[in-house]
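One structure below.
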C-alpha cells in the first residue's frame, strides 16, 4: 500500500532532502512552503512533488491546506513537521515580535500541522508524526532563547503525543539535527563555519541526506515500536 507523506518547509534544505528520500522510498509526497515561490516551483519541476503554499503559524490556513492535500493525493499517513524560522538576538535585545514570530512558527506551527491530521490517523489506526527539533533545543544557544524554547517545546509535544497515540497505532518521534550543511549554514562567513565545526567531534557539518535517512526510518514499518524518542544527529556535539 502506498502511503502519503506531508513535509512542512519541504522544498528547501533539510526539508527537501526529507521529501526526496520519502519519495524514493515509495511515498506519495506533498510539501509546504511559506513564501519563496521561485524555489518551490524549481523543487516541483525537479521532483514532480506538488508544493502547497501556506503559513504553518496560522491554524485555519494549515487546516485548509491539509484538506486540499488530502483531496488531491489522499489521507496523510506521515506528517513531518519541519518548517521553522530563526530571529536571533541576545535576550536583552530580543523584541516581542522576534519572540512571537518564532514561537508561532516553530512551536504553534507543530500543533497547527499535526492537529488537523490526528483524527484521521486515529480513525485509520495508523500514523507517523516526526518533528524536526534541534540540538539547540537540547542544549540551548546564545542569542536563541526564542528558537531554543520552541525546539525544546517540540520535544514535549513528541513525548506527550506518543502516549496519546500509541494505542491508535500512531508513533510520534523527533529528530534533533546538529549543524547541517544547508544553504543557510553555508552562507555564513567561513571563519564562523570553522568555529562551528571546531565544536563538532566528527570534524564536519552534517549533510541534509543524513537527517532524511533518520526521518525515513522513523516513517517506516521497521520503526513501529519506537515512540516518543529523539534521534540526535549531531556528530557527537551533544549527548541528551
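Number of residues in the range 185-204 that are closer than 19 Å to residue 85 by Cβ and out of contact with any helix residue (DSSP H, G or I) (no Cβ under 9 Å at 6 or more places or on another chain): the value is 1.
The helices (runs of 4 or more DSSP H) located wholly in the range 1-117 that include 3 or more residues which are over 23 Å from residue 152 (Cβ atoms) and at pLDDT 95 or above occupy 13-24, 37-47, 59-73.
Failed condition for residue 122, given (1) surrounded by fewer than 21 Cβ atoms within 10 Å (Cβ to Cβ); (2) closer than 30 Å to residue 237 by Cβ; (3) touching a residue at least 40 places away in the same chain (Cβ under 8 Å); (4) touching a strand residue (DSSP E or B) at 6+ places or on another chain (Cβ under 9 Å), with all others met? Result: residue 122 passes all but (2).
Filter the range 122-135 down to the residues that are touching a helix residue (DSSP H, G or I) at 6+ places or on another chain (Cβ under 7 Å) and closer than 18 Å to residue 158 by Cβ and list them by number. Reasoning before the result, please.
The initial filter retains those residues of the range 122-135 that are touching a helix residue (DSSP H, G or I) at 6+ places or on another chain (Cβ under 7 Å), namely 122, 125, 127-134.
Passing the criteria: 122, 127, 128, 129, 130, 131, 132, 133, 134.
The one condition from (1) crowded, with 20+ Cβ neighbours inside 10 Å; (2) touching a residue at least 40 places away in the same chain (Cβ under 8 Å); (3) within 14 Å of the chain's Cα centre (by Cα) that residue 234 does not meet is (3).
Restricted to the range 137-152, and to residues that are out of contact with any strand residue (DSSP E or B) (no Cβ under 9 Å at 6 or more places or on another chain) and outside any loop (DSSP other than H, G, I, E, B), which residue is surrounded by the most Cβ atoms within 10 Å (Cβ to Cβ)? Walk me through it before giving the result.
We begin by selecting, within the range 137-152, every residue out of contact with any strand residue (DSSP E or B) (no Cβ under 9 Å at 6 or more places or on another chain); these are 139-150, 152.
Cutting the leftovers down to outside any loop (DSSP other than H, G, I, E, B) gives us 139, 145-150, 152.
Details: 139: 16, 145: 18, 146: 24, 147: 23, 148: 20, 149: 17, 150: 27, 152: 17.
It comes out as 150.
A single member of 174, 162, 202, 212 is surrounded by 11 or more Cβ atoms within 10 Å (Cβ to Cβ) and either assigned to a loop (DSSP other than H, G, I, E, B) or at pLDDT below 95 (or both), and it is 202.
The values are calculated or read from the model by the stated rules, or taken from the named source; none is laboratory data. All values derive from a computational prediction rather than experimental measurement. We place every Cβ from the backbone using ideal geometry, glycine too, and count neighbours over all the protein chains shown.
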